[in-house]
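Participant: Here it is, the structure, as structure tokens.
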Amino acid sequence: MNKMRMGKTISTVGLLLIAAHAFGGHHEGSMKATAEIKGCTDPNISGMATLTEQVTAEGIKEVKVEMKVKGLSDGDHAVHIHEVGACEPCGAAKGHHDPGPFGQSRPDSAGTDTPAKDINHPYHMGDLINLNVKDGVGTMEHTTNRVTLSPGRLTIMDDNGSAFIIHTNPDTYCDEETDLKKGCAGGSRDACGIIRAAK
Ligand SMILES: [Cu+2]
């Protein structure tokens, strides 16, 4: 084996070890991921989220999301899993995670007063519930079976990763005809956190 080949083999083994480490424990218990939440522009916003994948007795994978964030304005703030694991700037996280056949990831982001033509909210796989902030502390707990941490068609741990986005306004879930307008999914972005595999 020449030197180049050896190098390639070693790095492949290294990657496998990293992958085994990141996703280890799948059989013993639950898979986990975490996200450190930071303000898009406000350095006073900070927090943490944990994601735990569990398999129900029926064999369905579900992910429990627990989030605590300080520094946001009191009230409800939309939270979603966005399609790219990037937060600088917060727009880099792109649209809502939606690996479905049509991949319509835009929520309410048309540049005018009308909604985006491909508005698909709240049907995106990454759509969650509002974070409720009281006295500057926001908490959210939600279990979803729309996404997985383990590999598969619904995974959020895909090639380009995923990130949480916390929006300025509440998510109205865009669930009424009269509610289908720009901003119904929470409007501008306050905070972001890249989702990373954890032990
Ligand atoms: Cu969002």
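Participant: Only residues that are surrounded by 18 or more Cβ atoms within 10 Å (Cβ to Cβ) and either under 12 Å from the mean Cα position of the chain (by Cα) or over 19 Å from residue 49 (Cβ atoms) (or both): list them for the stretch 162-174, please.
Facilitator: Selection gives 162, 163, 164, 165, 166, 169, 172, 174.
Participant: Of 83, 58, 66, which residue is among the charged types (D, E, K, R) and under 16 Å from residue 162 (Cβ atoms)? Steps first, answer last, please.
Facilitator: Numbers: 58 fails: under 16 Å from residue 162 (Cβ atoms); 66 fails: under 16 Å from residue 162 (Cβ atoms).
One residue alone meets the criteria, 83.
Participant: Only strands (runs of 3 or more DSSP E) wholly contained in the stretch 125-199 count here; list those with 2 or more residues that are closer than 14 Å to residue 97 by Cα and within 16 Å of the ligand (Cβ to nearest atom).
Facilitator: 163-167, 189-198
Participant: How many of the residues making up the stretch 62-115 are surrounded by fewer than 16 Cβ atoms within 10 Å (Cβ to Cβ), part of a loop (DSSP other than H, G, I, E, B), touching an Asp or Glu at 6+ places or on another chain (Cβ under 9 Å) and at pLDDT 95 or above?
Facilitator: 2
Participant: Please determine, by comparing only the residues of the stretch 35-61 that are under 28 Å from residue 151 (Cβ atoms) and hydroxyl-bearing (Ser, Thr, Tyr), which one is modelled with the lowest pLDDT.
Facilitator: Out of the qualifying residues, it is 56.
The values are calculated or read from the model by the stated rules, or taken from the named source; none is laboratory data. Remember, predicted model here, so these are calculated numbers, not experimental data. Neighbour counts run over all protein chains shown; Cβ positions are idealised from the backbone, glycine included.
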